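Notes follow the structure.
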Amino acid sequence: MIVGKYPVILISVSLLMTIICLPVSGDIITPTKTEVFFEKNGQPYNDSVEFTVRCYGYTFYPGSEEFTDYINGNYEKKEPGTYNMTEVFSYSATAGHYGDAIYEPFYLNYRVIDHCTLCGETSGKKFVIEYIGDSPIPDCKRAEYRVIRDYDSDVCHMETDSAYTCFEEEERLKCQKADLCDKYLVIYDDTRIYPDDTRTMEADGVTMVLTKEYLRCTDEAYSLDLNCTDLLKTVPCEDYCDPEGHPIDRECSLHYTIPTDENGNIVETDTKQESGIPETITENGAAKQNVRNETALNETSSLNPGKGADNNLFTVIMKFLGLIK
């Protein structure tokens, strides 16, 4: 905005408060630890299994009406046969034993899945489970306590209940003190000539000038520090991070039964195991109307650095606090 020939930087209060206080979205990858359990003949199967999961359905992208409905939970999945079903997600992994962990991040944004198929190989025998559901990760939960890694010192800190409570109280007190600073705001006068670095904000449709007194007051309010970071717990990074060193934010488990005949032998299927695609792909199972909103799960997180906060956002906050670089 330019008033006469003097530029004035407009800062919207509502926008700032939205950024500070409301949940935010981010198209991010979620570091995930998944324990894989194969069973055979009703017993845990401890031999190594190489497997590929491929999921079929359709995709859409941000900006479309479908995407908006999907995020808002008002979306109904298309029925098979009413669209061109394609492969929309796949991954390959090896489970070395019963309950072995894999670290596939399962990026599923913008995908609507009708069904998934598993192709496996163990002890030289190939098998297929043609329908393993409408999600490659049906059983997941967020990590109960978030972990933040300081990559400079290679130290990891875990949230605690006391730290979470402390951060909440600190934020409440900051907002309380900042509210008292409003008395230093003055209404913008368009008949005056302000210095070039004058900043303003919109409040209830009125342009207010951020005076030096106001800025000094808010700086003091938001510098309040209850030393909540002292309540974080130091933990071994290797116990809480994926192989690339990223703190685990989601924990999943997968359970599969290797198909066998009446004699307990693996039912072998002639598959293109190199690519993980069975010779015949079928559209088994009826489409469910209640879509698993994995996009919303991945994207929505709390700004508060306590339980339920997004790991990446928590990192930003920790950097802001000067805890990490």
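The values are calculated or read from the model by the stated rules, or taken from the named source; none is laboratory data. Here the structure is a predicted model, which is why all the values come from computation and not from measurement. All Cβ positions, glycine included, derive from the backbone under ideal geometry; neighbour counts span all protein chains shown. SASA here: full protein model, heavy atoms, side chains in, ligands and nucleic acids out. Shrake-Rupley method; radii C 1.70, N 1.55, O 1.52, S 1.80 Å.
Below is a table of values for the structure above.
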| quantity | calculated |
| --- | --- |
| Residues of segment 174-209 satisfying the condition of being of a type in the set (S, T, N, Q), assigned to a loop (DSSP other than H, G, I, E, B) and open to solvent by 70 Å² or more (accessible area, probe 1.4 Å) | Thr191 |
| Number of positions in segment 229-261 that are under 17 Å from Val147 (Cβ atoms), open to solvent by less than 80 Å² (accessible area, probe 1.4 Å) and free of Cβ contacts under 8 Å to residues at least 24 places away in the same chain | 0 |
| Members of segment 76-90 that are of a type outside the set (Ser, Thr, Tyr) and in a loop (DSSP other than H, G, I, E, B) | Glu76, Lys77, Lys78, Glu79, Pro80, Gly81, Asn84, Met85 |
| All positions within segment 210-227 that are within 9 Å of Leu185 (Cα to Cα) and open to solvent by less than 40 Å² (accessible area, probe 1.4 Å) | Leu210, Thr211, Tyr214 |
| Qualifying position, being over 30 Å from Ala163 (Cβ atoms) and without any contact (Cβ under 8 Å) to a residue 24 or more places away in the chain, among Gly205, Gly264 | Gly205 |
| Search result, residues across segment 133-169 that are more than 16 Å from the chain's Cα centre (by Cα) and among the small types (Gly, Ala, Ser) | Gly133, Ser135, Ser153, Ser162, Ala163 |
| Check on Glu168, farther than 30 Å from Tyr45 by Cβ, assigned to a strand (DSSP E or B), charged (D, E, K, R) and open to solvent by 60 Å² or more (accessible area, probe 1.4 Å) | no |
| Residues that are touching a strand residue (DSSP E or B) at 6+ places or on another chain (Cβ under 9 Å) and not charged (D, E, K, R), drawn from segment 98-114 | Tyr98, Gly99, Ala101, Ile102, Tyr103, Pro105, Phe106, Tyr107, Leu108, Tyr110, Val112, Ile113 |
